[in-house]
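Here the structure comes first, spelled out in structure tokens, and everything after it is commentary.
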Amino acid sequence: MIHDEENPFRQLQLGVSCADHEGPTAKGRAPVADQQQSRRSFLKVATMAIGGAIGAIVAIPLVRYLLFPVGRQVVSSADEAVDVMSAAVLEPGAAPVRVQIDADEMRNAWSVSDSVPLGAAWVRKNQNGDVEALSSTCPHLGCAVDFDNNENVFKCPCHRSAFSVDGAKITGPSKRGLDPLPVEVDDGRVKIRFVRYRTDIAEREPV
Ligand code: FES
């Protein structure tokens, strides 16, 4: 009896069979696996890169929008003196003149506006020829005061506070006199810086 080990033909068959089965596959398996692994790695990196780029494109404008106006210069001409009239039209000791104070341009963090009304003032030249300005806002609760030419006093129509021509309180619920405003005469022009103060308190506290 001839065993397989002793049968050269059988050994040849087995050898051919194993070589046919394992030879080409064993040789090609490693490079194919490497190629697949490389492809997967490339796709993973490419996906992450594309995702990151899209995220950045979306995030940058969003972050800018959320942070706006951080870092921007914010100015307001409300802090500047506003040219309201010629000083030449004011006569020393004459009745005060009401002037509107408008900012040429108002710029805040989110918008820019032209000719914004800031408030109003009563302007006069005193007996010494000095130009004075009083806010027209009643210090009681903020109504606009009028000037009574007959009585030469300011009167508030809301709760009947009254003030002398220089702004001192005469009567009524107001806790202080009318608020003087910073005024200057520059090249013959009267310029006033409007200041809004807190109402219904004795002290002058800008708001
Ligand atoms: S608001 Fe002027 S008296 Fe009250």
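Nothing in this text is a laboratory measurement; each read-out follows from the coordinates by a stated rule. Being a predicted model, the structure only gives us computed values, none of them experimental. Using ideal geometry, Cβ is built from the backbone for each residue, glycine included, and neighbour counts are taken over all protein chains shown.
Estimated at 0.36 nm per residue, the fully extended path between Val89 and Val185 surpasses their Cα-Cα distance by 33.3 nm.
Modelled label positions at Ala202 and Cys143, each set 7 Å beyond Cα in the direction of Cβ, lie 2.4 nm from each other. Placing +1 on the Cβ of every Lys and Arg and -1 on the Cβ of every Asp and Glu, with no other charges, gives segment 78-183 a dipole of roughly 580 debye about its Cα centre.
For segment 77-192, the gyration tensor built on C-alpha atoms gives an oblate shape. Its axis ratio a/c (a ≥ b ≥ c) is at least 1.5, and a/b is not larger than b/c. Each residue, Gln35 and Ser164, gets one label point 7 Å from its Cα in the Cβ direction; the gap between the two is 10.5 nm.
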